[in-house]
Every structure is written in C-alpha cells, then in structure tokens.
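Below you'll find the structure, written out as structure tokens, and then a few comments.
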Amino acid sequence: MPETWARVAELLQLPFMQRALLGGILTGVTGGLLGSFVIFRQLAFFSDALGHSALLGIVLGVVLGLNPTAVLMVFGVVFALGVTFILERTQLSADAVLNIIYSSSLALAIIGLSLIPGYRGNLNQLLLGDILGISPPALWMSGLLLLLALGYIGLTLTAQMLLTLDESLARARGVEVGWQRLAFVVLLALVVALSIRSVGVLLVSAFVVIPASTARLLGSRFTTYVLLAMGFGGLSAVLGILLSAAFNLPSGPSIVATQLLFFLLAMAAKGASQLLRL
Amino acid sequence: MTSHLGEVVLWVEGLTVYRGSQLAVQNVSFALEAGSHTAIVGPNGAGKSTLVQAILGILPRQCGSIGILGEPLRLSGYLPQKVRQQIAYVPQRLQFNPAIPLTVAEFVALGWGSLKPRWPWQQQAARQEAVQKALQRAEALHLASKLLGQLSGGELKRVLLAYCLVWPRRLLVLDEAPAGLDSPSEGEFYRLLEELRRSLGWAILQVSHDLEMVSRHCDRVLCLNRSLICQGSPSVTLLPEVLSQVYGPEFARYIHHH
C-alpha cells in the first residue's frame, strides 16, 4: 500500500497529472454549479441526450479534419438551439423528442465511425473519455467556462431561482423566461461539450447530475446546496483521479464511482439523521 | 399611500385571450383603482385564471390593451422593471418541486427589488432586513428557516403574503385555488390581508371561489363567464338572480355557501 501512494505522489509531479487534476476540478465544479439548477428544471435527460448525440459531432470533426473540441462546442450549441426550437413547435413530450434526436445521432455517428478507416480502436476513448490527455487549451477553455457560468448564475441568481421554482411566478416578476432558458441551455451545452473529451459521452451527464443530487440531500438552504454541489463536483474529481492513478483504473469511471460513493454516503447520513429525530 | 387613492392602477380594454384554439376570455374591459379590493367570480372554466395571467403578461393575449401604473403591457408581455417591482402575483398553486432546498427566508427574498444583474452579496443587509420585516408582518417569522416544501397550505399562504410585502407594491393579484382551503386560518388570513390593504393602499385583484369572503371583504365584483356578465359592488352583483345567470347550472353548488 505505501508504495502505491508513493507512486501516486510521483505521478503528481508529472505535468499531465497536474493538468488532469486541474481539469477535473474545473469540470466538476462547473458541472455541480449548473447541475444544481438542472436537476430541478427537468434538464437532466437533456444533458444525457446531448452527451450521447455529441458522438456525431466528434465523428463530423474527424471526417472534416477539424479541431474536435471546437466542432463539439458548435455541435452542442446547435443541438441546444435545435431541441429548444423543436420542443416549442411540437406536441411531443421532451423525453420523446430528446430520445429521437439522440438515438439517431448515435446511430449515424457509429455508422460514420465504421466508415473511417483505423478509427474503430478509439471508440472506447470517445465513450469513456481521457482526462489524463487534457490539453492546455482545453484547460483554459474549462477555466473560462467556469468563470462565465459563475458570472451568469451569480448576476442573475434571483431570476434563476424563480425560474427553477415556478415559471408563472418568474414571468409575473418580469423574468424574460424564453431568453433566460435559452442562455442556460446554451451554457449547459458548452460545458457538456467541453467535458466530453475528458469524461466521455457515456458519463458526461453524471458530472452534472450526481454531485447536485448529493448536495440536495444535505443542503438546508439553496445557497449552501449550490456551493455543496460545486464542492462535491470538484472533490469527486480529485479523489477519482487519485484512485485511478493508485490502482491503475480508467479515470472517468473512477470519478463517477467516487461521485456515487458520496451520493450513497449522503443518503446514509440523511437516513441516520432522520432516524435520530424520530 | 392615501395620496394614490382614486388613481387608476390597472386598466383593461377589450381583452380577448385564446388558450390554444379555445376562446377563454372575450372582450373584457374594466379598471382598478388604488386601494380597492376587487374579486373575480364565476364558474369553473370561466377564464378567471386566464384573465389574471393575461393581465400580467404570463399568457399572451390576442386582442385588447392593458395598462398597469400608467405603462402599457406590450404584446410580448414586457413591462418596465419599475412597474413590475410594484406588482405581486400569487398563483393558484406554486408548481415547485417540494424537494428543492429553498428556505422560506430565501423564497421571500426573491420578491425583493429589481431583477437587474446584481451579485448575491450586494445589498444583502437591506434585503435581509426587508425579509425579516415582511415575515413579521405576515405573522410567519417563525417559519423563516423552514424549507418551502415542508409548509402546510395555511403556512404557505402566509409566506406568499410575506413575498408580496417584502417590497413596496401597488397591485396584488391573487389567484385563489378552488375549495379545500376552508380552514379556520382562512378567516384569519383575510383579516390580515384587509388590514395590510388599508394601511399600504394596495389595489387587490383576486380570483375567488368563496362568495361569503367576497361579500365580506371586497368592494367590487367582476362576474366572469368568458365575457364579463356584470360588475359592481357585492350588494348588486351577489344577488341570486345575477349569480344564476353567471354560474348557470353550477349555481346551486355556490348558493348554499353564500
């Protein structure tokens, strides 16, 4: 065991490992911040669907020979705007629309991948991501997005809370519901798209949903809840990456497993405190 | 506040609203003066909630014009923030997820001030003081740190009243839920509302299902069944012959109440 941790300490000296930790913290904190609104705005499935659809964005990037991260960001925004547009003009439920879009994108992406010679081997990396390979520009982008999200949510907190609580109350108060919703969804799409390269299409929505759900169990005020969600997001990323380094496990899944561990602990803590009160 | 007395706070002219392809409100006109308490009564599906939601720009309107505190409500639902701040709306039911970790004090603070971009820590002291005062006046100070999802129906009403009180308002729009709230706290609530209206000069527009409450507290009644059947003081509008015309076959259910 001591030699395992000595190896981790050694690994921590390496720049790629430091980048991964920083990237993990930035992604985790941003995911927690947006997630604390997402889970009460019926957007959890949206981020899941966006994650899966993004595979088509990646394939398009490869086919066109463009920077995959840039293509993903554009793809994410187009997806968000497209889904919002279709939802406003259809009688179908959001679940159905999202399902149609994401399963068809996934199908097209996999067909596309099978046509690209020599790319099949990388499918695993696309599905599960590789936070250890995070590049300095991607790190800068993550930092920028976190600042953007903090600025936007911080400055419009009253409007965001009203919108999360009750739409008619928000409208009566003068919140421009349509614009606010669109801005939030675009921001969410950018965050999900940027995180995909590090955590993969399959697990990206966990970064948004799980830390916020954990914080929900423990927060006794809205502000504490949002801060806890950000904290759990960052902490799970750090612990997950360290665990993956120590035991040579895949990094993205290790982070999500750590998020789950915190969620289960929070459930147990909540259950215990309720038992004590009885 | 008394200086505002007699001033027109809200006017509605030829308002027509469709919900989908259904005509919900047809050609309704009326005006509300400062300090008045007006009830909207009518059978289920008469368009009462639709009417108040269109007045506030929550629902779009097809025809007619609306003005609040001298400013026209645009078709897009836009009203200047300085006007919006002076209106409080209490919906029939808050459509919120009860699991949301929002305390009563945090909720009441959402009614404070304008929506201009502002960091959460700016003007925090003034905001918190206003929240305390509002909760005290609504006799709900003891609920401050409770979660919104854990309140009983009567407690929630008081908290919503504090939400109205946290900032100086000129117009209160209350959409009362039908029946089921006949608790003893109900009478207490209206006593408090009346007291606040008198001292603060609020104009109140209230959807109501309780004709007894209307006759006791309101000075004006709008009888609505898609279009406005009649309007006037409770003594002229709450007569059996008028009500049977407004409510139609549903009338029998309401009259024993009155």
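The values are calculated or read from the model by the stated rules, or taken from the named source; none is laboratory data. The model shown is predicted, which means the values in this text are computed figures rather than measured ones. Don't worry about glycine lacking a Cβ; one is built from the backbone with ideal geometry, like all the others, and counts go over all protein chains shown. Side chains are part of the model used for accessible areas, which takes the heavy atoms of the whole protein and leaves out ligands, DNA and RNA. Shrake-Rupley method; radii C 1.70, N 1.55, O 1.52, S 1.80 Å.
Only the Cβ atoms of Lys and Arg (+1) and of Asp and Glu (-1) were treated as charged; on that basis the dipole of segment B:1-131 about its Cα centre amounts to roughly 360 debye. Ranking A:Gly178, A:Val78, A:Ile101 by how far each Cα lies toward the positive end of the dipole of segment A:67-183 (charges on Cβ) leaves A:Val78 at the top. Partners of B:Lys133 within straight-line reach, counting lysines whose Cα lies under 26 Å from its Cα and excluding those fewer than 8 residues away in the same chain: B:Lys82, B:Lys116, B:Lys146, B:Lys157.
Taking the average, over residues, of other Cβ atoms within 10 Å as the packing measure, peptides B:93-102, A:48-57, B:132-141 rank A:48-57, B:132-141, B:93-102 from highest down.
Taking the average, over residues, of other Cβ atoms within 10 Å as the packing measure, peptides A:62-69, A:37-44 rank A:37-44, A:62-69 from highest down. Interface between chains A and B: roughly 2600 Å² of accessible area buried, both sides summed (probe 1.4 Å, protein heavy atoms only). Reported value for segment A:99-156: 131 Å³ per residue, from the convex hull of its C-alpha atoms. In this view, the solvent-accessible surface of A:Tyr152, computed with a 1.4 Å probe and all protein chains in place, comes to about 50 Å². Our Cα-only numbers for segment B:185-230 put the radius of gyration and Dmax at 11.9, 34 Å.
Averaged over the residues of B:111-118, the number of partner chain Cβ atoms lying within 10 Å of the residue Cβ comes to 4. Average projection, convex hull of the Cα set of segment A:84-242: 11.8 square nanometres.
Solvent-accessible surface of protein heavy atoms, probed at 1.4 angstrom with all chains present, puts B:Glu241, B:Glu176 in the order B:Glu241, B:Glu176, largest first. Restricting the calculation to Cα atoms, segment A:160-278 shows an Rg/Rh of 1.06 when the hydrodynamic-style radius is the Kirkwood one. Per-atom-type breakdown for the protein assembly as shown gives carbon and sulfur 62% of the accessible area (1.4 Å probe, protein chains only).
Other protein chain C-beta atoms within 10 Å of residue C-beta, averaged over A:159-172: 6.
Dividing the convex hull volume of the alpha-carbon atoms in segment A:1-55 by its residue count gives 127 Å³ per residue. Solvent-accessible surface of chain B, taken per residue with a 1.4 Å probe and all protein chains present: 43 Å².
Altogether, the Stokes-Einstein calculation at 37 °C and 0.692 mPa s, with the Kirkwood radius of segment B:43-126 over Cα pairs as Rh, returns a diffusion coefficient of 213 µm²/s.
These residues, A:Arg171, A:Arg277, A:Arg221, go from largest to smallest accessible area, 1.4 Å probe, as A:Arg277, A:Arg221, A:Arg171.
The mean number of Cβ atoms from other chains found within 10 Å of a Cβ in peptide A:174-181 is 3, as a whole number.
If you average 1/r over every pair of different alpha-carbon atoms in the protein assembly as shown and take one over that average, what Kirkwood value in Å do you get? Across the protein assembly as shown, the inverse of the average 1/r is 25.9 Å.
Building the convex hull from the alpha-carbon atoms of segment A:62-114 and averaging its projection over directions returns 4.0 nm².
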